[in-house]
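Down below is the structure, laid out as structure tokens.
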Amino acid sequence: MIVAQFILCLPIVINLTAVAVQQLNPKLRLQMRALGASRWQLMWLLGREIRLPLLGAYMAAFGVVVHEVGASQMVGGNLPGSTRVLTTAIVMETGMGHYDRAMAYGIVLILLVGVIAAVLTWVQQRDIVR
């Protein structure tokens, strides 16, 4: 299931990362090399320059993974204790007519996503202010 979710969000991360790298000033790399930066230092410094767009890419990928049910159902099924995740549990409980449990799972999922999104947004906004 992890591999399926990874494959699902990989194109999003790659595309958003490529856009972030293309937004860098081309002279920045040359300047860093002129100042004597090694290849690893260059990659580290360029990574720091695109850290906010990268965080946005990871947030988008997280959103895709959290709301995706189909890949989890196809690859992992919905076996209690081994492959059940919140989204598949919500689908199963709704299908069985246990709407109260499905709502409880949905509330937990919304709270979890809200907390993670708030923390990532706080990190992103804190970094912008600096």
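Yes or no, residue by residue, for (1) within 19 Å of T121 (Cα to Cα); (2) in contact (Cβ under 8 Å) with a residue 24 or more places away in the chain:
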| position | (1), (2) |
| --- | --- |
| A4 | no, yes |
| V13 | yes, yes |
| L28 | no, no |
| L35 | no, no |
| L42 | no, no |
| R48 | yes, no |
| A57 | yes, yes |
| A61 | yes, yes |
| L79 | no, no |
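Residues in region 87-107 that are open to solvent by 50 Å² or more (accessible area, probe 1.4 Å) and part of a loop (DSSP other than H, G, I, E, B): M96, H98. Residues of region 19-55 that are closer than 26 Å to A117 by Cβ and open to solvent by less than 100 Å² (accessible area, probe 1.4 Å): V19, A20, V21, G47, I50, R51, L52, P53, L54, L55. Of all the criteria given as (1) free of Cβ contacts under 8 Å to residues at least 24 places away in the same chain; (2) in a helix (DSSP H, G or I), the one not satisfied by R84 is (2). Of the residues making up region 100-122, at least one is more than 16 Å from the chain's Cα centre (by Cα) and of a type in the set (V, I, T).
The values are calculated or read from the model by the stated rules, or taken from the named source; none is laboratory data. Bear in mind that the values here come from a model prediction, so they are computed numbers and not experimental data. As a convention, Cβ positions derive from the backbone with ideal geometry for all residues, glycine included, and neighbour counts pool all protein chains shown. Note: accessible area is taken over every heavy atom of the protein model, side chains too, but ligands, DNA and RNA are not part of it. Shrake-Rupley method; radii C 1.70, N 1.55, O 1.52, S 1.80 Å.
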